[in-house]
1. Which one of Leu71, Leu55 is out of contact with any Pro (no Cβ under 7 Å at 6 or more places or on another chain) and surrounded by 10 or more Cβ atoms within 10 Å (Cβ to Cβ)?
2. When you scan segment 23-52, how many residues do you find that are open to solvent by 100 Å² or more (accessible area, probe 1.4 Å) and aromatic (Phe, Trp, Tyr)?
3. Starting from segment 8-29, take each residue that is within 10 Å of Ser51 (Cα to Cα) and list its partners that are in a loop (DSSP other than H, G, I, E, B) and open to solvent by 60 Å² or more (accessible area, probe 1.4 Å), counting only C-beta distances under 8 angstrom and pairs at least six apart or across chains.
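The values are calculated or read from the model by the stated rules, or taken from the named source; none is laboratory data. In this text, all values refer to a predicted model and were calculated from it rather than measured experimentally. No Cβ is skipped: glycine too gets one built from the backbone with ideal geometry, and neighbour counts run over all protein chains shown. Each accessible area value is taken on the protein alone, full model and side chains, heavy atoms only, with ligands, DNA and RNA left out. Shrake-Rupley method; radii C 1.70, N 1.55, O 1.52, S 1.80 Å.
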Amino acid sequence: MALDTKALSITSAYNSIKSFFESQENNSIWQDLTTSSEGIFLMKLLANVFSVISLNTVTGRRESFHDTANLLS
C-alpha cells in the first residue's frame, strides 16, 4: 500500500500512514501501548508535515494559475 501524500486532511494522512505501517511484514515488532507513545507521535508528526506540504503545493498552484489567468485576460 502506498502512502497518500496528497491528502490535505491531517486525519486522512495519519490513517494512510497508519495503514502503511500495518501492511508491512514485520508490523508486530512495533507495538505502541498508549496513544501518547513515540510511534503515534511520529506518525502524527509525519501526517502534519504531509498536510502542510500538500497545502503549500495546492496554494502555490492556485496562485500561479491566477497570475497566468490575469496575464492572458
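1. Leu55
2. Matching residues across segment 23-52 total 2.
3. From residues that are within 10 Å of Ser51 (Cα to Cα), the pairs are Ser12/Asp4; Ala13/Asp4; Ala13/Thr5.
Yes or no, residue by residue, for (1) hydrophobic (A, V, I, L, M, F, W, C); (2) at negative phi; (3) part of a loop (DSSP other than H, G, I, E, B); (4) at pLDDT 80 or above:
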| site | (1), (2), (3), (4) |
| --- | --- |
| Lys18 | no, yes, no, yes |
| Gln24 | no, yes, yes, yes |
| Thr57 | no, yes, no, yes |
| Asp67 | no, yes, no, no |
| Asn70 | no, yes, no, no |
